[in-house]
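To start, the structure under review is shown below, and the notes come after it.
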Amino acid sequence: MARQEQDREDLFAEATAYSIRGELISSERNESVFVGLKDSGLFSFYFGADPVYHFTEAGQIRRAFVDGELYRTQGQTLARLQRKRTEDSSHLLRKDLTEVELQTFLSNMLHFLSKLKADIQRSIVIVTRATVPEVEFQKSVLELCDKVLSQAEQLAPRIRGKR
């Protein structure tokens, strides 16, 4: 785990694990969004540096970074992981979300994706760069949004080896 956190300078150039990736900006909100899709089907949305959502190929939330805190699926809820740093080490303190906290988290996540989808459908986004043609990238982003928005089981299974 990095001792010092920093925003990425160029996520598009650095995130080469995403075979399809691109950045777009909503002309209404002037908000930069990075979207990446891996060959495995895993995909991510970066709404600036925060929030960031990582999904399974089926569209279930797997991990996230929201309001400066890390989250990961536990199957039935999400765990909030807070970094506790000393001069010698860094530890993650885990707290499972309550049902109310989980529903608030999921509602906020779905709101971000719904707005992005609506902005693309209203043609008020500008693709600033992408690894595929603009029309194909926008179509991929819409499909990824739909995967999440139509998912009945929003939480991915617990990440193996993590408790």
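The values are calculated or read from the model by the stated rules, or taken from the named source; none is laboratory data. Everything numeric here is computed off the predicted structure, so don't read it as measured data. In this analysis, Cβ positions are derived from the backbone assuming ideal geometry, glycine residues included, and neighbour counts consider all displayed protein chains.
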Please go through (1) under 26 Å from Leu11 (Cα atoms); (2) out of contact with any Leu (no Cβ under 7 Å at 6 or more places or on another chain) for Arg80 and return the number of the only condition it doesn't satisfy.
(2)
If I ask for residues that are touching a strand residue (DSSP E or B) at 6+ places or on another chain (Cβ under 9 Å), modelled with pLDDT under 95 and in a loop (DSSP other than H, G, I, E, B), which ones from region 122-139 would you list?
Ile124
Residue in region 102-149 that is nearest to Val52 (Cα to Cα), counting only those that are among the hydroxyl-bearing types (Ser, Thr, Tyr) and surrounded by 13 or more Cβ atoms within 10 Å (Cβ to Cβ):
Ser114
Give just the number: which of (1) outside any helix (DSSP H, G or I); (2) more than 30 Å from Thr16 (Cβ to Cβ); (3) at pLDDT 95 or above does Ser107 not satisfy?
(1)
Take region 40-78 and flag every residue that is free of Cβ contacts under 8 Å to residues at least 40 places away in the same chain and among the aliphatic types (A, V, I, L, M).
Leu42, Val52, Leu70
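Please state which one of Glu101, Glu57 is modelled with pLDDT of 90 or more and assigned to a loop (DSSP other than H, G, I, E, B). Even if it seems obvious, please write down each step before you answer.
Working: Glu101 fails: assigned to a loop (DSSP other than H, G, I, E, B).
Only one candidate qualifies: Glu57.
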Answer from Phe45, Phe12, Phe34, Phe65 - the residue that is of a type in the set (Phe, Trp, Tyr) and part of a helix (DSSP H, G or I):
Phe12
